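K.L.:
After the structure tokens below, expect a handful of questions from me.
The values are calculated or read from the model by the stated rules, or taken from the named source; none is laboratory data. Just so we're clear, the structure is a prediction, and the values are computed from it rather than from any experiment. Note that each Cβ is placed from the backbone with ideal geometry, even for glycine, and that neighbours are counted across all protein chains shown. Quick note on the areas: whole protein, heavy atoms, side chains included, nothing else; ligands and nucleic acids left out. Shrake-Rupley method; radii C 1.70, N 1.55, O 1.52, S 1.80 Å.
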Amino acid sequence: QVQLVESGGGLVQAGGSLRLSCAVSGLTFSNFRMGWFRQAPGKGREFVARINWNPGSTYYADSVKGRFTISRDHARNTVYLQMNSLEPEDTAVYYCNAHNLFSNSDYWGQGTQVTVSS
């Protein structure tokens, strides 16, 4: 059974940092591209960052380049999103995504709220 569980969200002041975690189970990591998306109230879900398990290349939205880092820990079956220099505009529900490179199917976590105060 495929399961993605996010954690690590919360309230932080502008300029602060948070690390989101996505615990992954039930899938073969090499077949998936992992990513983070976010959705603010009244807006659509937008891409934030992604990482391939093999070779592990990364890509970021322009709005978070230089501030966010996506990474993975195979031993813990976990994908992370390190968020530094947070801004109020980063406030959103953040979702973990697993995209199957062969079937083009997607799995989503339940989301975790990130709120950045000014």
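K.L.:
Can you find, within region 64-118, the residue that is nearest to the chain's Cα centre (by Cα) among those that are closer than 14 Å to residue 12 by Cα and among the acidic types (Asp, Glu)?
P.N.:
Looking at the filtered set, the residue picked out is 90.
One line per residue, one yes/no per condition, for (1) in contact with a Pro (Cβ under 9 Å, 6 or more places away or on another chain); (2) in a loop (DSSP other than H, G, I, E, B); (3) at pLDDT 95 or above:
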{"site": "38", "(1), (2), (3)": "no, no, yes"}
{"site": "59", "(1), (2), (3)": "no, no, yes"}
{"site": "63", "(1), (2), (3)": "no, yes, yes"}
{"site": "72", "(1), (2), (3)": "no, no, no"}
{"site": "89", "(1), (2), (3)": "no, no, yes"}
{"site": "104", "(1), (2), (3)": "no, yes, no"}
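K.L.:
If residue 25 passes every condition in (1) farther than 18 Å from residue 100 by Cβ; (2) out of contact with any Phe, Trp or Tyr (no Cβ under 9 Å at 6 or more places or on another chain) but one, which one does it miss?
P.N.:
With (1) farther than 18 Å from residue 100 by Cβ; (2) out of contact with any Phe, Trp or Tyr (no Cβ under 9 Å at 6 or more places or on another chain) applied to residue 25, the lone miss is (1).
K.L.:
Suppose the filter is at positive phi and either surrounded by fewer than 20 Cβ atoms within 10 Å (Cβ to Cβ) or part of a helix (DSSP H, G or I) (or both); does residue 44 pass it?
P.N.:
On the way: at positive phi: no; either surrounded by fewer than 20 Cβ atoms within 10 Å (Cβ to Cβ) or part of a helix (DSSP H, G or I) (or both): yes.
Spelling it out, it is not the case that residue 44 is at positive phi and either surrounded by fewer than 20 Cβ atoms within 10 Å (Cβ to Cβ) or part of a helix (DSSP H, G or I) (or both).
K.L.:
So is residue 49 over 15 Å from residue 97 (Cβ atoms) and among the hydrophobic types (A, V, I, L, M, F, W, C) or not?
P.N.:
Details: over 15 Å from residue 97 (Cβ atoms): no; among the hydrophobic types (A, V, I, L, M, F, W, C): yes.
Considered against the rule, which asks whether it is over 15 Å from residue 97 (Cβ atoms) and among the hydrophobic types (A, V, I, L, M, F, W, C), residue 49 comes out as no.
K.L.:
Select from region 62-113 the residues that are of a type in the set (Gly, Ala, Ser) and within 23 Å of residue 5 (Cβ to Cβ) and list them in ascending order. Walk me through how you get there before you give the answer.
P.N.:
Of the residues in region 62-113, the ones of a type in the set (Gly, Ala, Ser) are 63, 66, 71, 75, 85, 92, 98, 103, 105, 109, 111.
Passing the criteria: 71, 75, 92, 98, 103, 105, 109, 111.
K.L.:
Scan 63, 105, 25, 21 and give me the residue that is of a type in the set (S, T, N, Q), over 25 Å from residue 118 (Cβ atoms) and without any contact (Cβ under 8 Å) to a residue 40 or more places away in the chain. Outline the logic, then answer.
P.N.:
Details: 63 fails: over 25 Å from residue 118 (Cβ atoms); 25 fails: without any contact (Cβ under 8 Å) to a residue 40 or more places away in the chain; 21 fails: without any contact (Cβ under 8 Å) to a residue 40 or more places away in the chain.
105 is the lone residue from the list that is of a type in the set (S, T, N, Q), over 25 Å from residue 118 (Cβ atoms) and without any contact (Cβ under 8 Å) to a residue 40 or more places away in the chain.
K.L.:
So is residue 34 touching a His at 6+ places or on another chain (Cβ under 9 Å) and open to solvent by less than 50 Å² (accessible area, probe 1.4 Å) or not? Before the answer, list the steps.
P.N.:
Details: touching a His at 6+ places or on another chain (Cβ under 9 Å): yes; open to solvent by less than 50 Å² (accessible area, probe 1.4 Å): yes.
Yes.
K.L.:
Sticking with this structure for a sec: Spot the failing condition for residue 85; the list is (1) open to solvent by less than 40 Å² (accessible area, probe 1.4 Å); (2) over 21 Å from residue 110 (Cα atoms); (3) small (Gly, Ala, Ser), and only one is missed.
P.N.:
Among (1) open to solvent by less than 40 Å² (accessible area, probe 1.4 Å); (2) over 21 Å from residue 110 (Cα atoms); (3) small (Gly, Ala, Ser), residue 85 violates only (1).
K.L.:
Scanning region 12-28 for residues that are among the aliphatic types (A, V, I, L, M) and not in a strand (DSSP E or B), which turns out least open to solvent (accessible area, probe 1.4 Å)? Step through it out loud before you land on a result.
P.N.:
Narrowing region 12-28 to residues among the aliphatic types (A, V, I, L, M): 12, 14, 18, 20, 23-24, 27.
Now drop any that are not not in a strand (DSSP E or B), which leaves 14, 27.
On the way: 14: 53, 27: 31 Å².
By that ranking, first place goes to 27.
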